[in-house]
Amino acid sequence: MGMNGNFWKKKKVLVTGYEGFLGSNLTRELIRLGSDVSGLDILTRRKDTVLSPDLDKVRIYKGSVEDFDLVSKIMRDNKIEMIFHLAATSIVGEALTDPLKAFSTNIRGTWNILEAARNNKLTRAVIIASSDKAYGSQSKLPYREDSPLSGAHPYDASKSCADILASTYYHTYGLPVSVTRCGNIYGPGDLNFSRLVPDALRCISKDKALIIRSDGKFTRDYIYVDDIVNAYLLLAFKMKEASIKGEAFNFSNESPLSVLALLKKLYRCAGIKKADYKITNQAKYEIKHQYLCAAKAKRLLNWRPRYNLEEGLKRTVKWYKDYFAKKY
């Protein structure tokens, strides 16, 4: 973090969705770097997140990014310079059952942040969290940043839309905005147990079989959360360079794995000889193969992931071991 460590000292930062998995990890790092952080979330002061010990250092706002006046007020009152917009309906299944809620949070929420940031004279960088799912299903892999955005289902489409809005605000208003598209992020503090890694570790802790929704052959990019936190900070730091504004970046360690291959490694890291799982093959509207090319981030940002899968999984296993030891 050396190159931009001092940069973050006393910076006035807003993180939306600061209590979420990525948000809590990012906010904790910003606090460590001495930033003045305001956080907006619909759930506040959650227990047992990586951020809970540091919550008193965050200026906390309870509310939704769907509330334009609130978002504007936070930016104004706190003289916000840097904005990380992570608040979203992030579970694919939830978006499927309640598309209107997902569209309102993910699309309206994004235009609210962009418009409030445009009206805020101090805005120096806006990072919008998109997703590899914004690309939809494509025959040509890996996804590159200029691949078409063709999300075909509610969650994926909401991300495609948010992405286009961010680009609009750059092209029309010159807003210093950039978009991130990441694969599946894993690591300490993901309390969303419908996701593969936390679910598997919970099943291990309870000595239960893991239920796999797909056929186990779906391939995904898996990337350790600290590498993504580093990517976000680097991207915001470099936003003053003309070549970065308005751009989208894929962040990936470029080694896609099937669900079963990942589980094998995860169980091995947890010291368990044989992975215990049941394949139900019930996944609906899930993209079969996703894989990102991160060449642009390497070239323009000089970003590199620091953790390989073994290291990332080991750290993750350790955190959940402690977490479940406290729980049961």
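Values computed for the structure shown
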read-out: Test: residue in region 157-166 that is surrounded by 18 or more Cβ atoms within 10 Å (Cβ to Cβ), within 21 Å of Ser104 (Cα to Cα), among the polar types (S, T, N, Q) and at pLDDT below 95; value: no
read-out: Candidate set from region 258-308 (those that are charged (D, E, K, R) and assigned to a helix (DSSP H, G or I)); member that is surrounded by the fewest Cβ atoms within 10 Å (Cβ to Cβ); value: Arg299
read-out: Residue in region 171-178 that is modelled with pLDDT of 95 or more and within 18 Å of the chain's Cα centre (by Cα) present; value: yes
read-out: When residues of region 203-224 are limited to those that are basic (Lys, Arg) and surrounded by fewer than 18 Cβ atoms within 10 Å (Cβ to Cβ), the one nearest to Lys273 (Cα to Cα); value: Lys208
read-out: Test result for Val13, outside any loop (DSSP other than H, G, I, E, B), at pLDDT 95 or above and over 18 Å from the mean Cα position of the chain (by Cα); value: no
read-out: Any chance Thr105 is at pLDDT 95 or above, assigned by TED's automatic domain parsing to the domain that holds Gly20, under 21 Å from Ile164 (Cα atoms) and not hydrophobic (A, V, I, L, M, F, W, C); value: yes
read-out: Contacts under 8 angstrom Cβ, first residue in region 289-310 being in contact (Cβ under 8 Å) with a residue 60 or more places away in the chain and within 27 Å of Gly151 (Cα to Cα), partner of a type in the set (A, V, I, L, M, F, W, C) and surrounded by fewer than 15 Cβ atoms within 10 Å (Cβ to Cβ), 6 or more apart; value: none
read-out: Residue match in region 91-108 (condition: in contact (Cβ under 8 Å) with a residue 60 or more places away in the chain and in a loop (DSSP other than H, G, I, E, B)); value: yes
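Yes/no per residue for (1) farther than 23 Å from Lys159 by Cβ; (2) in contact (Cβ under 8 Å) with a residue 60 or more places away in the chain; (3) in contact with a His (Cβ under 7 Å, 6 or more places away or on another chain); (4) part of a helix (DSSP H, G or I):
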residue	(1), (2), (3), (4)
Asn25	no, yes, no, yes
Ser38	yes, no, no, no
Leu43	no, no, no, no
Asp69	yes, no, no, yes
Arg76	yes, no, no, yes
Thr110	no, no, yes, yes
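The values are calculated or read from the model by the stated rules, or taken from the named source; none is laboratory data. All values reported here derive from a predicted model rather than from experimental measurement. Counting neighbours? That spans all protein chains shown, and the Cβs are built from the backbone with ideal geometry, glycine included.
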